[in-house]
Amino acid sequence: MKTMNKTETTCFSFSFDNTREVFITNILTCILNVMFSIITCVGNSTILLAIKNTRDLHTPAYVLLGCLAFSDLLVGLICQPLFVGVKIAEFEKSFTTYCWLRMLQTRSAWTTASVSFFTIAVVSVDRLIALQLHLRYSAFVTVSRVLQATLVIWILSVILNVVLRFWMMTDEWFFIPLVIFVVVFLVLTVSTMKIFQMVRRHQRQIKRQTEAVSHLRSNTVNVLKCRKSAVTVLYIYALFVICYVPFFGTLITEMFHRYTIKEQIAYDFSTTVIFVNSFINPVVYCWRIREIKKAVKNILRGWGGGRNE
């Protein structure tokens, strides 16, 4: 395993190394990010348009998914093009351009990742509340409150990843967001576990209700819808964790070992995996949520009809 020379010109702990492994990694990650940037933008734009144009989707739960789709859209619109720009600057050995693009890419990536993380936590808590309150849910959770929560999420994410980073120029800044992320992660995990437990309990209740009188059928349908949306949250949460584990594993390794070419390659690929998560989420929405799938199909039919005309 080759170790980087300390005398090499470095920026953000990266060096302009011309090894064959780094060159191949840069080419592959550029191709992947260009490709996924386009389909991520198309996919999340379609989800946002579907929610906007469908009155039945103007509910707190779908507005939250729309907020998550918006942060995913920014990943394809800003973060991935900046990542490719960094690699191009690296090819050309343009140190100043590399550093500026790396700074913009890092701050934008951490900000959108924070927004996605906090939003998933809010979505999880929202589904837990829906399972617990049932008919009282609509009185407690409203679209305006969801939008207010989203605004707070964005402000907090910008403060943690942009303002705080430039205010505290040392690496100590990382410990403040780390504490917040750990707390939110614990809340998200506990909420997700409770959702899983309640879903299993509802499954047993539904089996009993199918044998009961017909006036309970409407309540059973509502419970089924709520249960399915809760399970969708579990999928989103699981995919989020799976996509982010390699990246944080790379960061932890970097903290305890000298920075090497192998870790640079792992960093580039794990960052790309995180970006791909923003493409996967719209696929999960269309797969798991029938209302969104129907709205997306209507949009696609409209586009097809427009072209035929």
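The values are calculated or read from the model by the stated rules, or taken from the named source; none is laboratory data. Please read these numbers as outputs of a predicted model, since none were measured by experiment. Virtual Cβ from ideal backbone geometry, glycine too; neighbours counted across all protein chains shown. We work out accessible area using only protein heavy atoms, side chains counted, and drop any ligands, DNA or RNA first. Shrake-Rupley method; radii C 1.70, N 1.55, O 1.52, S 1.80 Å.
In this simple spin-label model, placing a label point 7 Å from the Cα along the Cα-to-Cβ direction at both residue 303 and residue 104 gives a separation of 2.7 nm. Evaluating 6.51 cos²θ - 1.76 cosθ + 1.60 at θ = phi - 60° for every residue in region 276-290, the Karplus couplings come out as 5, 4, 5, 7, 5, 3, x, 5, 5, 4, 5, 6, 9, 10, 4 Hz, glycine and proline recorded as x. Using a cut-off of 27 Å between Cα atoms, the listed pairs 87/262; 93/262; 52/228; 194/297; 87/293 include 194/297; 87/293 as exceeding that distance. Just read off the accessible area of residue 165 with the full protein assembly in place, 1.4 Å probe, to the nearest 10 Å². We get 50 Å² for residue 165.
A convex hull fitted to the Cα coordinates of region 15-59 yields 86 cubic angstrom per residue. Take residue 179: with every protein chain present and a 1.4 Å probe, its accessible area is about 90 Å².
The trypsin sites (Lys or Arg not before Pro) of region 15-99 that meet both conditions, a loop assignment by DSSP and at most 16 other Cβ atoms within 10 Å of the site Cβ, are 93. Residue 94 contributes an accessible area of around 40 Å² to the protein surface, as traced by a 1.4 Å probe with all chains present. With Cα atoms as the point set, region 19-97 shows a radius of gyration and Dmax of 16.9, 55 Å.
Summary value for region 34-105: 33 percent relative contact order, contacts being C-alpha pairs under 8 angstrom separated by 6+ residues. Placing pseudo-labels 7 Å out from each Cα toward the beta carbon at residue 42 and residue 132 gives an inter-label distance of 4.2 nm. Counting only protein heavy atoms and a probe of 1.4 Å, the accessible surface of region 25-66 is 73% carbon and sulfur.
Taken over the alpha carbons of region 53-205 as equal point scatterers, the Debye sum produces base-10 log I(q)/I(0) values at 0.18 Å⁻¹ of -1.12.
For region 68-162, with all protein chains in place and a probe radius of 1.4 Å, 77% of the accessible heavy-atom surface sits on carbon or sulfur.
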